[in-house]
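Right, one structure below, let's go through it.
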Amino acid sequence: MGLPKLNTVEYFETLPVSNIEVKFRPFNVKEQKILLQTLEDGTPKAISNGMMMLIRSCSELQDDNWTVEKLSNTDLEWLFIKIRMKSVGESTKVLLPCVNQQNGCDGKTPVEIDFDKMEIIGEINEPKVQITDTVGVVLRIPSYLDIQELYESGEDINTDNIFKVLNKCIVQIFDADSVYDTKEFTEKEVNEFVEGLTVDQFNKVMEWFSSVPKMVYEVEFTCEKCGEVQGQELQGLQNFFV
C-alpha cells in the first residue's frame, strides 16, 4: 500500500498585463529547496530561472494562445509573488542599502516587505506610435523570452543588447503607402531604421516602453547606521530577495 497523497488547494489569478486567468497551486518542499538554491546565487539570471522553474511547476495557463515565455516580465513576476504568498507567507525581509552611500554610509537595514502592498503602475497605450507625419511603428511589450536571451548570451547587458530587445519589439513600420512587417526584414535592416531616427523620434518610441505596467513597492525605513529616514522604490524580483 502506497503512502497517502495530499490534496492541494488551487487558486486563480488574473495577470495584470495580458489579462488572462491562470490557475496555480502553492509550491511544495522539493520546489522550495530548488528555489532557495537559485535565490542564493543572487544573479538576475539565476533569479529569473528560479522564477520560471516555479511557475512552470505550479501554474496552468488557461489560454492556449499563451505560453509562459511569451508573457511579459511583469506578468511573470506578479504570478511568482502570488504563488509565493500562498506557499510561505505574505511578507519577506530584505537588506536595503542606505541611499547615502556616496556620502560614506555603507549601512544595510533589514526591511520587511508586505507583498499585499505591491502595486502595478503604468498602462498599455495604443501600440501604434506616430514618429513623423507619415511614418510610424507598431510596438509590443517585451516578453520574458526577449529579456532572457540577454542573460543566455553570456554577455554583459549593454546598450547594444538593449537595442536588440527594443528592435525585436517593433512589430511593424508603416508610412503613407505601405505597412512593413519587421519579421520580413533582417535584424540589421531594422536596426538601421532605428539608428536613423532623430533623438526626438526615438524618444517617442521610448516613452511608450517607459509607460508599460511594472511591479513596484514603495518602502520607507530608517538606516540603522546613519539614522536617516529614507524611501526607496523597489522594482524587479532581485530587489525583493536580496
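Here are the numbers for the structure shown:
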item	result
Interchain or long-range residues, amide H under 5 Å from residue 10's placed H	none
Cβ-based charge dipole, the chain, positive-most Cα from 202, 240, 166	240
The chain: Rg to Rh, with Rh as the Kirkwood radius over Cα pairs	1.02
Under Karplus coefficients 6.51, -1.76 and 1.60, residue-wise ³J(HN,Hα) of segment 192-206 in Hz, glycine/proline x	5, 4, 5, 5, x, 6, 6, 4, 5, 5, 5, 5, 4, 5, 5
Accessible carbon and sulfur surface of the chain relative to its total accessible area, %, 1.4 Å	48
Lysine-lysine proximity count for segment 97-237, Cα under 18 Å, sequence distance 8 or more or distinct chains	11
Derived scalar couplings ³J(HN,Hα) [segment 40-54; Karplus, 6.51 cos²θ - 1.76 cosθ + 1.60; whole Hz; x for Gly, Pro]	5, 4, x, 7, x, 5, 5, 5, 5, 5, x, 4, 5, 4, 5
Per DSSP, loop trypsin sites (Lys or Arg not before Pro) in segment 26-55 with at most 14 further Cβ within 10 Å	none
Amide H contacts of residue 228 (H built 1.01 Å from N, under 5 Å, at least 5 apart or other chain)	223
Karplus-derived HN-Hα couplings along segment 211-220 (A = 6.51, B = -1.76, C = 1.60, θ = phi - 60°), whole Hz, x at Gly and Pro	8, 5, x, 9, 8, 9, 9, 8, 10, 10
GluC sites (Glu not before Pro), loop per DSSP, at most 15 other Cβ atoms within 10 Å - longest free stretch of the chain	11-89
Largest-first principal axis extents of the Cα set of segment 1-118 (Å)	61, 40, 26
Cβ-placed point charges (K, R +1; D, E -1), dipole of the chain about Cα centre in debye, nearest 20	1120
Surface per residue (accessible, 1.4 Å probe) for the chain, Å²	59
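The values are calculated or read from the model by the stated rules, or taken from the named source; none is laboratory data. Everything numeric in this text was worked out from a predicted model, so none of it was measured. Backbone-built Cβ (ideal geometry, glycine too); neighbour counts: all protein chains shown. The area values use the complete protein model at the heavy-atom level, side chains included, leaving out ligands, DNA and RNA. Shrake-Rupley method; radii C 1.70, N 1.55, O 1.52, S 1.80 Å.
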